Amino acid sequence: MTRVAYLSADPGVPAFGTKGASVHVQEIIRSFRARGATVRLYTARTDDHVPADLTDLDVTHVPVDSKADRTADKEFPHVERTARRERRQVAAAHEMAARAIGDGVDIAYERYSLFSTALAEVTTTLGIPGVLEVNAPLIDEQATHRHLVDEDGARAALRAQVAAASVVACVSEPVAAWVRSHCPEAAHKIRVTPNGVNTTRIAPTRASSDGDPVVLFVGTLKPWHGTDVLLEAAALAKEAWQVRIVGDGPQGPALAEQADRLGLAVDFRGAVAPGDVPAALAGAAVAVAPYPAMDEGADQYFSPLKIYEYAAAGLPVVASRVGQVPTIVRDGENGLLVEPSDPASLAAAIDTLVSDPQRARALGLLGRDMVVTAHSWDSVLDRILEGVTVPEGVA
């Protein structure tokens, strides 16, 4: 049986967490297993939300730092603390590679992270194919929004990983363009493979007939998801509807305060494990992805997992006209598009759908048809592995 090493050295990605990144990790693993492969996960972070069908997954946990490391770091200035943690990320990735090499795997698949060269080490040592999955321009993100000390080391690691990979799978064209800008010689192996959705686990739901129609948002509560715009829209609505927010994050307290100030009775559900997402979607009438306008020059590079999940549930989607969104939500066909950071337009679009349940249902079912046809996780992995010489039992 073919042995797959799934490598995830990013300490910010919990393999069994509630983030969209966690869903991505789990679903690619499921798709490999559905092909008859044996998968071992090598990860820097696990967390506690292990789905029932993955309890038998072999996991090698290599944490980046310990409680003692974090305590010791407090003695150093901020820049040195960051540098120490970056060095531990390098060491953890080397350890993962050594473990995978020792286990003797047949194919390596790594979710790109800063400083890791695990894929390059495993594929070169064992002479096996490898896939590098790139979900964001992490070097730019880290330098802009957090702190990055060894930028040269991060760039060198990216080049080594791309050079060693058989395929570099990027979730969007802006991400692919970013990789090409750093590794122009590897353009031939870079392919765009947007996110998918598990259309078996997430099935169509019907709007509840009890109370006001439910307008749903699922995601991490951070400014770049535009949840505050949704609340402003709810205050401007001419139709009666209730907001349900599933997720948590640093913006949570501010959103709760905003809801109180606007006199809104918002149903804050908190974060849920990926396996509980179908229940969180149940009974909603409309789902929203209210991404805000970005600063000039900022790129909307994401592949919106939440929209695929909304569509799989048969929900009509109202979303901002940004980035990759218009390639998924086709205005008037399977949802409605509005301008970003425009609560009045967002309110009007939601009002249109909650006042016409038949149209909303029809749009939602067209979205469901779209993801079933072209956006299952199995089809995502098919596109990633296309043309790759892999051992029998994976292709």
Run Gly104 past the list (1) in contact with a Gly (Cβ under 7 Å, 6 or more places away or on another chain); (2) at positive phi and report the number of the one that doesn't hold.
(1)
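For segment 226-273, give me the residue count where each residue is β-branched (Val, Ile, Thr) and out of contact with any Lys or Arg (no Cβ under 8 Å at 6 or more places or on another chain).
4
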By residue number, the members of segment 158-192 that are out of contact with any helix residue (DSSP H, G or I) (no Cβ under 8 Å at 6 or more places or on another chain), closer than 27 Å to Ala83 by Cα and buried (at least 18 other Cβ atoms within 10 Å of the Cβ) are Val175
Filter segment 12-29 for residues that are out of contact with any Ser or Thr (no Cβ under 7 Å at 6 or more places or on another chain) and not in a loop (DSSP other than H, G, I, E, B) and give the result.
Gly20, Ala21, Ser22, Val23, His24, Gln26, Glu27, Ile28, Ile29
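Just to be sure, is Asp152 in the same structural domain as Leu41 (by TED's automatic domain parsing), touching a Lys or Arg at 6+ places or on another chain (Cβ under 6 Å) and not hydroxyl-bearing (Ser, Thr, Tyr)?
no
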Only one of these conditions is not met by Gly249: (1) modelled with pLDDT of 95 or more; (2) on the phi > 0 side of the Ramachandran plot; (3) of a type in the set (Gly, Ala, Ser). Which number is it?
(1)
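Hand me the list of helices (runs of 4 or more DSSP H) wholly inside segment 320-389 holding 1 or more residues that are within 22 Å of Ala235 (Cα to Cα).
So the answer is 343-354, 357-374.
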Looking only at segment 62-91, filter to residues that are surrounded by 13 or more Cβ atoms within 10 Å (Cβ to Cβ) and not in a helix (DSSP H, G or I); which one of those is modelled with the lowest pLDDT?
Asp65
All conditions in (1) within 24 Å of the chain's Cα centre (by Cα); (2) in contact (Cβ under 8 Å) with a residue 12 or more places away in the chain are true of Ala374 except (2)
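Got a sec? Which of Ala143, Ala160, Ala136 is in the same structural domain as Leu7 (by TED's automatic domain parsing) and either modelled with pLDDT of 95 or more or in contact with a strand residue (DSSP E or B) (Cβ under 6 Å, 6 or more places away or on another chain) (or both)?
None of the other options fit; the residue is Ala160.
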Residues in segment 177-193: is at least one in contact with a Pro (Cβ under 6 Å, 6 or more places away or on another chain), at pLDDT 95 or above and not hydroxyl-bearing (Ser, Thr, Tyr)?
yes
Segment 145-157, subset outside any helix (DSSP H, G or I) and of a type in the set (D, E, K, R), residue surrounded by the most Cβ atoms within 10 Å (Cβ to Cβ)
Asp150
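Results for (1) surrounded by fewer than 18 Cβ atoms within 10 Å (Cβ to Cβ); (2) over 20 Å from Thr199 (Cα atoms); (3) at pLDDT 95 or above, shown as yes or no for each residue.
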{"residue": "Phe302", "(1), (2), (3)": "no, yes, no"}
{"residue": "Pro316", "(1), (2), (3)": "no, no, yes"}
{"residue": "Asp351", "(1), (2), (3)": "no, yes, yes"}
{"residue": "Ser355", "(1), (2), (3)": "yes, yes, yes"}
{"residue": "Gly364", "(1), (2), (3)": "no, no, yes"}
Looking at Val50, Val105, Val59 in this structure, which one is more than 26 Å from Trp178 (Cβ to Cβ) and assigned to a strand (DSSP E or B)?
Val59
Considering every residue within segment 273-287, establish whether at least one is within 15 Å of Val229 (Cα to Cα), buried (at least 17 other Cβ atoms within 10 Å of the Cβ) and touching a strand residue (DSSP E or B) at 6+ places or on another chain (Cβ under 9 Å).
yes
Quick count over segment 122-144, residues being buried (at least 23 other Cβ atoms within 10 Å of the Cβ) and part of a helix (DSSP H, G or I), is 2
Check Arg261, Arg244, Arg269 and return the single one that is of a type in the set (Lys, Arg), touching a strand residue (DSSP E or B) at 6+ places or on another chain (Cβ under 7 Å) and free of Cβ contacts under 8 Å to residues at least 40 places away in the same chain.
Arg269
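The values are calculated or read from the model by the stated rules, or taken from the named source; none is laboratory data. This structure is a prediction, so every number in the text was calculated from the model and none was measured. Glycine gets a Cβ as well: all are built from the backbone with ideal geometry, and neighbour counts include every protein chain shown.
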